[in-house]
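**Q** Here's a structure for you.
The values are calculated or read from the model by the stated rules, or taken from the named source; none is laboratory data. Computed from a predicted structure; not experimentally measured. Quick reminder, even Gly has a Cβ in these numbers, built from the backbone with ideal geometry, and neighbours come from all protein chains shown.
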Amino acid sequence: MPGRDYTAEQKIKSARALDELGLPFIQPAFPASGEKDQSVIEALSGDTDAEIIGLARAVERDVDAAVDAGADIVETFVPVSDLHLEHLLGKSREEMLGMLVDTVDHITNRGATPHVTLADAFRADPEHIVEVFETIPEVEFINLADSVGARTPASVQTHLDAIESDISFDRVGVHFHNDMGCGTANALTAYHAGVGKADVSIASLGERAGNSSLEEVIVACAVDNNDTLGIETSNLIPVCQSVLDTIDEEWDERKAVLGKEISEHESSIHTAAMLSNPETLEPFDPSTFGGERRLIFGSATGSGGARRLLQRANIEPDESTIERYLEVLATNGPVRLDEALNLAHKELGK
């Protein structure tokens, strides 16, 4: 991301926090870029339950930097579309495949586990993707990248359908970008298709519009499919927020999952319904993921909400009491639920 230069200490602290969630993999650094990223891998090596991934171009010196730093997995990347082969790599498809085979062999010979990412895979001919899978059958995960965020759920599904009969989706990973706002939706499409892995980032952080959102993908799978993906969900929101604080990144309070305002209710109709049954207007109980529901009362509160508040405070909600209470709330608000109940006891209790 332009203008970002996270310190080694920030990366290490963030990775250790993320490890508390039970993530299977954490990809914190590109060791060939210099001593800082090498020190990150070295500090985390053997210190996390998650396997630590070091990124590497398909060249020996990059692989050696990742392995020497202690990475469990070396993830190398090559372009697979005609467009990227010509304009980014400047090599033929045959030359790319040769580089890839040599790199995978070198990773294995150095004692690390190879993973591979195919850049621009969702704009590549499906036959060329199948060719890569057949060329390196020993690689556990091959990630298909929508490198420029050019795909939507429908075209992701079409692309996956085109390769499904030739590839075991247990070996398929996906990597999406959010340029058209489809990063999380595309990852969920791949999940339903049966792929084995997805790259995600907290709050969608990443180049341009970012990547599929870690917290959105986890919550969506848990809510819609009763599948927590093996993640410790009860602390998801606080961990994500703590990492964002660690790396000095802000987030909008209306950000899906993380923002406090998405579970905040103030309008009369909403608060009355939420007091009756929170499921009425919530997709999930925020406390399930370590968040908090916020009901706000004040001048916007109506008689229905006031009635339910008084009932909760064990005060008889006759019409005159409701009217007096609405005046109290309008004068003292906006206040949260506990304070609204305290005001009821203080101003109206007997």
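**Q** Looking for something more than 23 Å from L160 (Cβ to Cβ), buried (at least 21 other Cβ atoms within 10 Å of the Cβ), of a type in the set (A, V, I, L, M) and in contact with a Phe, Trp or Tyr (Cβ under 8 Å, 6 or more places away or on another chain) - is there at least one such residue anywhere in region 191-198? Write out each step before concluding.
**A** Of the residues in region 191-198, the ones more than 23 Å from L160 (Cβ to Cβ) are none.
Within region 191-198, none of the residues are more than 23 Å from L160 (Cβ to Cβ), buried (at least 21 other Cβ atoms within 10 Å of the Cβ), of a type in the set (A, V, I, L, M) and in contact with a Phe, Trp or Tyr (Cβ under 8 Å, 6 or more places away or on another chain).
**Q** Let me ask you something else. When you go through T228, T158, T189 one by one, which is the residue that is in the same structural domain as V116 (by TED's automatic domain parsing) and under 22 Å from E20 (Cβ atoms)? Spell out the reasoning first.
**A** Numbers: T158 fails: under 22 Å from E20 (Cβ atoms); T189 fails: under 22 Å from E20 (Cβ atoms).
Result of the check over T228, T158, T189: T228.
**Q** Being in contact (Cβ under 8 Å) with a residue 24 or more places away in the chain, under 30 Å from R4 (Cα atoms) and either among the charged types (D, E, K, R) or outside the structural domain of G22 (by TED's automatic domain parsing) (or both) is the requirement here; does F289 meet it?
**A** Here the answer is yes, as F289 does meet what is asked.
**Q** I would also like to ask the following. Within region 111-131, restricting attention to residues that are farther than 20 Å from G149 by Cβ and surrounded by 19 or more Cβ atoms within 10 Å (Cβ to Cβ), which residue is farthest from the chain's Cα centre (by Cα)?
**A** A112
**Q** Ok, one more. Could you list, in sequence order, the residues of region 57-81 that are closer than 16 Å to G173 by Cβ and touching a helix residue (DSSP H, G or I) at 6+ places or on another chain (Cβ under 9 Å)?
**A** Passing the criteria: I73, V74, E75, T76, V78, V80.
**Q** Do the conditions hold for V78, that is, is it buried (at least 21 other Cβ atoms within 10 Å of the Cβ), without any contact (Cβ under 8 Å) to a residue 40 or more places away in the chain and either assigned by TED's automatic domain parsing to the domain that holds D37 or not in a strand (DSSP E or B) (or both)?
**A** Values: buried (at least 21 other Cβ atoms within 10 Å of the Cβ): yes; without any contact (Cβ under 8 Å) to a residue 40 or more places away in the chain: no; either assigned by TED's automatic domain parsing to the domain that holds D37 or not in a strand (DSSP E or B) (or both): yes.
It is false that V78 is buried (at least 21 other Cβ atoms within 10 Å of the Cβ), without any contact (Cβ under 8 Å) to a residue 40 or more places away in the chain and either assigned by TED's automatic domain parsing to the domain that holds D37 or not in a strand (DSSP E or B) (or both).
**Q** Any residue that is under 22 Å from L88 (Cβ atoms) and surrounded by fewer than 24 Cβ atoms within 10 Å (Cβ to Cβ) - is there at least one of those in region 23-31?
**A** Yes.
**Q** (1) outside any helix (DSSP H, G or I); (2) surrounded by 20 or more Cβ atoms within 10 Å (Cβ to Cβ): which one isn't true of D47, the others all being true?
**A** Only one criterion in (1) outside any helix (DSSP H, G or I); (2) surrounded by 20 or more Cβ atoms within 10 Å (Cβ to Cβ) is unmet by D47, namely (2).
**Q** Another question, if that's okay. Which residue out of E127, E138 is under 28 Å from G183 (Cα atoms) and modelled with pLDDT of 95 or more?
**A** Testing whether each residue is under 28 Å from G183 (Cα atoms) and modelled with pLDDT of 95 or more leaves just E127.
**Q** Please work out if E250 is farther than 17 Å from P153 by Cα, of a type outside the set (S, T, N, Q) and either free of Cβ contacts under 8 Å to residues at least 60 places away in the same chain or in the same structural domain as S165 (by TED's automatic domain parsing) (or both).
**A** Spelling it out, E250 is indeed farther than 17 Å from P153 by Cα, of a type outside the set (S, T, N, Q) and either free of Cβ contacts under 8 Å to residues at least 60 places away in the same chain or in the same structural domain as S165 (by TED's automatic domain parsing) (or both).
**Q** Just checking, how many residues over region 12-22 are buried (at least 20 other Cβ atoms within 10 Å of the Cβ) and without any contact (Cβ under 8 Å) to a residue 40 or more places away in the chain?
**A** 2
**Q** Related question: Within region 30-43, does at least one residue satisfy the condition of being closer than 19 Å to K197 by Cα and under 27 Å from the mean Cα position of the chain (by Cα)?
**A** No, region 30-43 has no match at all.
**Q** Let me ask something else about it. Quick one: which of D166, D105, D179 is of a type in the set (D, E, K, R), modelled with pLDDT of 95 or more and in a helix (DSSP H, G or I)?
**A** D105
**Q** Here's a follow-up. Within region 219-242, how many residues are part of a helix (DSSP H, G or I) and without any contact (Cβ under 8 Å) to a residue 40 or more places away in the chain?
**A** To start, the set of residues in region 219-242 that are part of a helix (DSSP H, G or I) comprises 219-225, 233-242.
So of that shortlist, the ones also without any contact (Cβ under 8 Å) to a residue 40 or more places away in the chain come out as 220-221, 224-225, 240-241.
Residues in region 219-242 being part of a helix (DSSP H, G or I) and without any contact (Cβ under 8 Å) to a residue 40 or more places away in the chain: 6 in total.
**Q** When region 250-271 is examined, which residues are found to be of a type in the set (D, E), surrounded by fewer than 15 Cβ atoms within 10 Å (Cβ to Cβ) and in a loop (DSSP other than H, G, I, E, B)? Outline the logic, then answer.
**A** The first filter runs over region 250-271 and keeps only residues of a type in the set (D, E), leaving 250, 252-253, 261, 264, 266.
Add one more test, that the residue is surrounded by fewer than 15 Cβ atoms within 10 Å (Cβ to Cβ), and what stays is 250, 252-253, 261.
E250, D252, E253, listed by residue number.
**Q** So the check is Cβ under 6 Å with 6+ separation or different chains; which pairs have a first residue in region 325-336 that's among the small types (G, A, S) and a second one that's surrounded by 19 or more Cβ atoms within 10 Å (Cβ to Cβ) and part of a strand (DSSP E or B)?
**A** G333/F297
**Q** Taking region 216-249 only, how many residues are among the acidic types (D, E) and surrounded by 18 or more Cβ atoms within 10 Å (Cβ to Cβ)?
**A** Residues flagged as among the acidic types (D, E) and surrounded by 18 or more Cβ atoms within 10 Å (Cβ to Cβ) within region 216-249 amount to 1.
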